[in-house]
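Novice: Let me give you the structure first, and then I'll get to my questions.
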Amino acid sequence: MPFSLNRISSKAIGIFLAGGLWAADAGAQALRPPPFYSSGLGWSAGQDISSALADLLSNGTFKAGGTLVLEDTYKISGSNLRLPENFTLTATQGAGLDVRTASATDTSALFILSSGVTVDNVTFDVVNAPETGYSGAKPVPGTDYHTKRVLVVEGDGVSVQNSAFSGNVSMHIDVHNGDRFTLSSSSFDGGFYQVRIIGGDDAKVTGSHFRKSLGDGIKTTATPAGDGPERMTVADSFFERNNRDGLDTAGGFKDGQVRNSVFYGNGVSGIDIKSLYKSKSDLDPSKQNHNIRISGSEFIDSPNGVVVTVINRSGLLNSSNAHLMPHGIKVIDSIFESNTSQGGRAFLIKDGYDIRWEGISLLGNISEMRFLGAEAPSPSGTDIGGTIAATGAPRRRAGGPGAFQPETGSLR
């Protein structure tokens, strides 16, 4: 299962200009405005385009269905620059934006993405974000990272593809209750939550690389009313050396899937299937961690592969609603491996029930499971277990058939 961490060539530019991704027929294509090129707007490499871009958005020059092609790298700052519906922000190979935050504690979005927006082949580098080297679980906002968010999604059918994000900000992508969000072939380096999904249904993450977040690679969250993300898919992706978890489902992951992905060297776990019960909205059926499938994936050199957590300190989860706690979780045909002296475990189940695995491999200094029974009432702890297909020595880090390659997230 190879992962390509090189930027994908921008073949999309020609497709966009030809209209292949714009419209279902020529009639719809004819209604779209012609693309704007940054050189045609008089922008030069390294220029600060903050005011110019804000003016073009506010005065209606950039219309719904339009396209902006960045041909170099430009400086940008600002807040809440809204891209209109069905707009495309794209770039030639290697071009993009050097983002500058106004202050360490500014929480605003740089861009707000309306329904149907596509961001393709753009590099976003937050150039003045801090690099403190912090490696713990509780980074300090304003010190270890700036609280800026780069892209905030406020619509349905938004797509981010072939793009790269770097710099320690609060979030690179923050999705607010948008349905059918797609993220593909993109990379993230640094940041607190690299991608946060708040509510919304049918999000799909494929072929992407989440590296060295100060918190989690992907974090799910529910809306204030308790609407969590449902039917989310994470596939063919690589979660590398994030300080906490690769994927944290604190907002729910109902009917979700993780397929063919690698979780390597994450500080707490590869995946934390986590349910919190603090208010009545936490009992919303859409927020639950139920009917989750993890398949064909690898969990390497983390203290825990998969963690199942219940936080119930107020006692809201009780005998009448205990069936809502994480359950219906199945892990199949996956590898759990530790090359470290401290070792690790495949499953840490703090609470939950109906958690099964089959066809898993335990390689190196790793144990199968620990159950705590920490905060949830019965039926926590029931129907937990599975079958092990293989045990043995860990694979070598480099060279030879079957060796795991941390640099690429692939097997040789």
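Novice: Within the stretch 329-370, which residues are in a strand (DSSP E or B), open to solvent by 10 Å² or more (accessible area, probe 1.4 Å) and small (Gly, Ala, Ser)?
Specialist: GLY344, GLY359, SER361, GLY364, SER367
Novice: Let me ask you something else. Assuming GLY65 fulfils every condition listed in (1) farther than 19 Å from PRO35 by Cβ; (2) open to solvent by less than 20 Å² (accessible area, probe 1.4 Å); (3) assigned to a loop (DSSP other than H, G, I, E, B) apart from one, which condition is it?
Specialist: Checking GLY65 against (1) farther than 19 Å from PRO35 by Cβ; (2) open to solvent by less than 20 Å² (accessible area, probe 1.4 Å); (3) assigned to a loop (DSSP other than H, G, I, E, B), the one that fails is (1).
Novice: In contact (Cβ under 8 Å) with a residue 24 or more places away in the chain, under 26 Å from the mean Cα position of the chain (by Cα) and surrounded by fewer than 19 Cβ atoms within 10 Å (Cβ to Cβ): does that describe SER135? Even if it seems obvious, please write down each step before you answer.
Specialist: On the way: in contact (Cβ under 8 Å) with a residue 24 or more places away in the chain: yes; under 26 Å from the mean Cα position of the chain (by Cα): yes; surrounded by fewer than 19 Cβ atoms within 10 Å (Cβ to Cβ): yes.
Yes, satisfied.
Novice: Of all residues being in a strand (DSSP E or B) and in contact with an Asp or Glu (Cβ under 7 Å, 6 or more places away or on another chain) in the stretch 166-181, which is nearest to VAL99 (Cα to Cα)? Just the residue, please.
Specialist: From the stretch 166-181, those in a strand (DSSP E or B) are 166, 169-176; that's our starting set.
Right, trim to in contact with an Asp or Glu (Cβ under 7 Å, 6 or more places away or on another chain) and you get 166, 176.
Details: SER166: 10, HIS176: 22 Å.
Per the criteria, the residue is SER166.
Novice: On to the next question. Being open to solvent by less than 10 Å² (accessible area, probe 1.4 Å), in contact (Cβ under 8 Å) with a residue 60 or more places away in the chain and in a loop (DSSP other than H, G, I, E, B), is that true of even one residue in the stretch 182-192?
Specialist: Quick first cut of the stretch 182-192, residues open to solvent by less than 10 Å² (accessible area, probe 1.4 Å) only: 183, 186, 188, 190-191.
Those still in the list that are in contact (Cβ under 8 Å) with a residue 60 or more places away in the chain too: 190.
Checking the rest, the ones that are also in a loop (DSSP other than H, G, I, E, B) come to 190.
Yes, the stretch 182-192 has at least one match.
Novice: How about the stretch 101-142: which of its residues are over 21 Å from VAL158 (Cα atoms) and aliphatic (A, V, I, L, M)?
Specialist: ALA102, ALA104, VAL126, VAL127, ALA129, ALA137, VAL140
Novice: For the stretch 72-84: of the residues being buried (at least 16 other Cβ atoms within 10 Å of the Cβ), of a type outside the set (Gly, Ala, Ser) and not in a strand (DSSP E or B), which is nearest to the chain's Cα centre (by Cα)?
Specialist: This residue is PRO84.
Novice: Report, by residue number, each residue of the stretch 197-221 that is open to solvent by 20 Å² or more (accessible area, probe 1.4 Å), part of a loop (DSSP other than H, G, I, E, B) and more than 19 Å from VAL268 (Cα to Cα).
Specialist: ASP202, GLY207
Novice: Just for the stretch 253-276: of the residues that are open to solvent by 10 Å² or more (accessible area, probe 1.4 Å) and touching a helix residue (DSSP H, G or I) at 6+ places or on another chain (Cβ under 8 Å), which one is farthest from ILE198 (Cα to Cα)?
Specialist: Filtering first and then ranking leaves LEU276.
Novice: Among the residues of the stretch 48-62, which ones are within 19 Å of ARG100 (Cα to Cα) and either modelled with pLDDT under 95 or open to solvent by 60 Å² or more (accessible area, probe 1.4 Å) (or both)?
Specialist: ASP48, SER51, ASP55
Novice: Keeping to the stretch 265-303, report how many residues are in contact (Cβ under 8 Å) with a residue 60 or more places away in the chain, part of a loop (DSSP other than H, G, I, E, B) and farther than 29 Å from ALA390 by Cβ.
Specialist: Going through the stretch 265-303 one residue at a time, the tally reaches 2.
Novice: Can you pull out every residue in the stretch 233-252 that is crowded, with 24+ Cβ neighbours inside 10 Å, more than 16 Å from GLY267 (Cβ to Cβ) and either modelled with pLDDT under 95 or aliphatic (A, V, I, L, M) (or both)?
Specialist: The one that is crowded, with 24+ Cβ neighbours inside 10 Å, more than 16 Å from GLY267 (Cβ to Cβ) and either modelled with pLDDT under 95 or aliphatic (A, V, I, L, M) (or both): VAL234.
Novice: For the condition open to solvent by 10 Å² or more (accessible area, probe 1.4 Å), more than 27 Å from GLY199 (Cα to Cα) and not in a loop (DSSP other than H, G, I, E, B), what is the one hit in GLY386, GLY373?
Specialist: Numbers: GLY373 fails: not in a loop (DSSP other than H, G, I, E, B).
Step by step, each of GLY386, GLY373 is checked, and only GLY386 is open to solvent by 10 Å² or more (accessible area, probe 1.4 Å), more than 27 Å from GLY199 (Cα to Cα) and not in a loop (DSSP other than H, G, I, E, B).
Novice: Can you find even one residue in the stretch 304-325 that is out of contact with any His (no Cβ under 9 Å at 6 or more places or on another chain), in a helix (DSSP H, G or I), at pLDDT 95 or above and surrounded by fewer than 24 Cβ atoms within 10 Å (Cβ to Cβ)?
Specialist: Checked the stretch 304-325: at least one residue is out of contact with any His (no Cβ under 9 Å at 6 or more places or on another chain), in a helix (DSSP H, G or I), at pLDDT 95 or above and surrounded by fewer than 24 Cβ atoms within 10 Å (Cβ to Cβ).
The values are calculated or read from the model by the stated rules, or taken from the named source; none is laboratory data. As the structure is a prediction and not an experimental result, all values here were calculated from the model. FYI the Cβ positions are ideal-geometry reconstructions off the backbone, even for glycines, and counts take in every protein chain you see. The area values use the complete protein model at the heavy-atom level, side chains included, leaving out ligands, DNA and RNA. Shrake-Rupley method; radii C 1.70, N 1.55, O 1.52, S 1.80 Å.
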